[in-house]
Amino acid sequence: MEDAKAPLWATLIATLFGIGHMRPGPGTWCSAATVLLWAALAYGLPQSLRTPVLVALAIAVTLIGIPAATRTARAAEKKDPSFVVIDEVAGQLISLIAIPLKWQTFLAGFILFRVFDILKPPPVRQLEQLPDGTGIVLDDVGAGIYAVAVMQLLLHLGLLK
């Protein structure tokens, strides 16, 4: 296994319990899993707690994801291995902040995040130049911020309900 030298905790977190090894498109699989996991959790929360819980979760995933991604990438001797997908979890969670719990908004959040993650508009592209797990995770955090900004604009304009 390509990440066998990384500590187990780092491998499990960095690959989201193995989802990072799914093909094709491990980042897309992870983003889809993140949307589904958040939907399952969010529907069980009171509306007043959804946004604070999601923000806390995104921060926690980012803070835990950086060292996990660092250790796993170093063990694989790659700068940004495709099987490291904890960055997609962080970015995808950010894209879903303060949205209505409807399939349309979940789908829009998923698509917007994937588009910004692939296109990497400035300064997202520059963030991936940061060292180790910091660069791996923060470029997706940046993509998530772009996605949530566009999502909130679409909601505000009534183009998405």
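Tabulated results
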read-out	value
Number of the exception - GLY135 against (1) over 19 Å from VAL85 (Cβ atoms); (2) free of Cβ contacts under 8 Å to residues at least 60 places away in the same chain	(1)
Criterion violated by ILE111 - all others in (1) over 11 Å from the mean Cα position of the chain (by Cα); (2) surrounded by 15 or more Cβ atoms within 10 Å (Cβ to Cβ); (3) among the β-branched types (Val, Ile, Thr) satisfied	(2)
Considering residues of segment 68-108 that are within 12 Å of the chain's Cα centre (by Cα), assigned to a helix (DSSP H, G or I) and not small (Gly, Ala, Ser) only, the residue farthest from ALA40 (Cα to Cα)	ASP87
Failed item in (1) in a helix (DSSP H, G or I); (2) out of contact with any Pro (no Cβ under 7 Å at 6 or more places or on another chain), with PRO121 passing the rest	(1)
Check on ARG125, touching a residue at least 24 places away in the same chain (Cβ under 8 Å) and among the basic types (Lys, Arg)	no
Candidates LEU41, LEU12, LEU63, filtered to the one that is under 15 Å from VAL137 (Cα atoms) and assigned to a helix (DSSP H, G or I)	LEU63
Hits in segment 13-49 - residues which are surrounded by fewer than 18 Cβ atoms within 10 Å (Cβ to Cβ) and at positive phi	PHE17, GLY18, GLY25
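All of the numbers you see were taken from the coordinates with simple rules; none came from a lab. For clarity, every value in this text was computed on a predicted model and none was experimentally measured. Note: ideal-geometry Cβ built from the backbone for every residue, glycine included; neighbour counts use all protein chains shown.
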